[in-house]
Amino acid sequence: MESQVGLIEQSFHSSYSFCVREALDELPDNFTITDPCMSGHPIVFASHGFLKMTGYTETEVIGQNGRIFQGPGTSRRSVMEIREAIREERAIQIHLLNYRKDGTPFWMLFHMCPVFNKEDGRVIHFVGVQVPILRKPRRLGSGSGRNGVDLCEEGSTGMHDVVYGSCRREVCSDSLLELDHVLARESPVDTTNRGLFYHFQVYRFFILQKLTS
């Protein structure tokens, strides 16, 4: 168990600078970082917002697979789509029903992107951002793209109100500003850190575009 904990710490701490780790810790968003290279694809980082949303403690989440948040109502098809995206090392956005620690189910808009190693280009982590939505979407659409830009479109105005009305409250448009400043001070060649920021930037841009459209 101790060796597993050590590997998890190394997975996260060795990949990002102290400044970036500190900035990530301050983000109010709900997100996790997982390592597909480790057995069981464990969670190596969970934001404070995510822990608050799910009711779990950091100790209960770190080292676990995301399946601990699934339950009887979670779509097996959605889970398979996520696994396929991981296998193909691409981004995916999908509506997903998960469960809090107390067993309460909740719908969320789940966006996941790969983070690539700056030296050899291999995928070292996946970032999963979760935005709670008010109720079950009328249409369970999903979308994906290799760089996280080609995302799903919902044509229904009602869908727009349900999902993005909730996103307006859940997503703080200024929360990446400090991380942006931190990364601006990082070495220009530190593309791993910038890659992590890029995936949050893409997701935030998508949400803000929807809110203003």
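FYI, it's all coordinate maths here, none of it is from the lab. Because the structure is predicted, anything quoted here is derived from the model rather than measured. We place every Cβ from the backbone using ideal geometry, glycine too, and count neighbours over all the protein chains shown.
A few points about this structure:
- Linear extension gain, residue 75 paired with residue 22, 0.36 nm per residue minus alpha-carbon span: 15.6 nm
- For the stretch 95-128, the list of trypsin sites (Lys or Arg not before Pro) that fall in a loop by DSSP and count at most 11 other C-beta atoms within 10 angstrom reads 122.
- Sparsely packed GluC sites (Glu not before Pro) within the stretch 75-124, loop by DSSP, other Cβ within 10 Å at most 15: 88, 89, 119
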